[in-house]
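The values are calculated or read from the model by the stated rules, or taken from the named source; none is laboratory data. Keep in mind that what you see is a predicted model, and the values were worked out from it rather than measured. Every residue, glycine as well, gets a Cβ built from its backbone with ideal geometry; the counts of neighbours run over all protein chains shown. Accessible surface areas use protein heavy atoms only, side chains included; no ligands, DNA or RNA. Shrake-Rupley method; radii C 1.70, N 1.55, O 1.52, S 1.80 Å.
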Amino acid sequence: ANVPTGEHSLLGAPSVSPQFIDKVLAHYGSPAQGTGAAWVAMGPRYGIDPAYALAFFIHESSAGTNPGWAGLKPDGSSTHNVGNIICAGYATCFGRFRDYPSWDAGIEDWYKLIANEYVGDRGVATIEQVIPIYAPSFENDVDAYVGSVVNLADDWRQGVIR
């Protein structure tokens with residue numbers, strides 16, 4: 001995959017620990033608390049730094065706590081969809097988004113999507129390359145999304161939770 005100078009590669013070893021991810025999720029009051037080990041275990045499996053995966057989850061839904069998150073169901077449960085991934089032929093859906101049986105399944109599907117469809121199929125591997133495709137400008141402020149993901153991951157690598 002092409003990684004231009006000055007851009008932030010998604011690829012790499014975990015730069016945060018499972019315990020740190022659990023602290024971040026607790027800070028947000030996330031319903032996904034306790035999944036730090038899953039985020040970190042799946043990172044090396046797919047070659048993606050979990051700090052970036054978690055930053056997508058924070059940006060997309062405030063870690064599953066944003067009252068406007070499309071993954072919240074009327075009964076109070078959720079889709080476990082950490083990336084607001086569009087259904088696009090997935091077996092189970094809630095509205096226009098994928099619906100997973102567990103947080104681990106939702107987390108792993110995000111990694112698979114990025115590793116297979118973005119890095120593998122499209123040859124893009126940086127935050128700056130992925131986000132305009134993942135969250136296009138007709139639905140999102142791409143620059144703000146990129147900044148949010150990069151800044152969160154950078155802060156976490158320094159031990160700062162915000």
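Values for this structure:
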quantity	calculated
Residues of the range 121-146 classified as surrounded by 14 or more Cβ atoms within 10 Å (Cβ to Cβ), small (Gly, Ala, Ser) and farther than 17 Å from ILE85 by Cα, total	1
Residue selected from the range 1-10 under the condition in contact with a helix residue (DSSP H, G or I) (Cβ under 7 Å, 6 or more places away or on another chain) and open to solvent by 50 Å² or more (accessible area, probe 1.4 Å), by the criterion farthest from PRO67 (Cα to Cα)	ALA1
Selection count where residues are under 13 Å from ILE107 (Cα atoms) and basic (Lys, Arg), scope the range 38-80	1
Elements of type helices (runs of 4 or more DSSP H) in the range 17-80, at least 2 residues being crowded, with 17+ Cβ neighbours inside 10 Å and β-branched (Val, Ile, Thr)	18-28
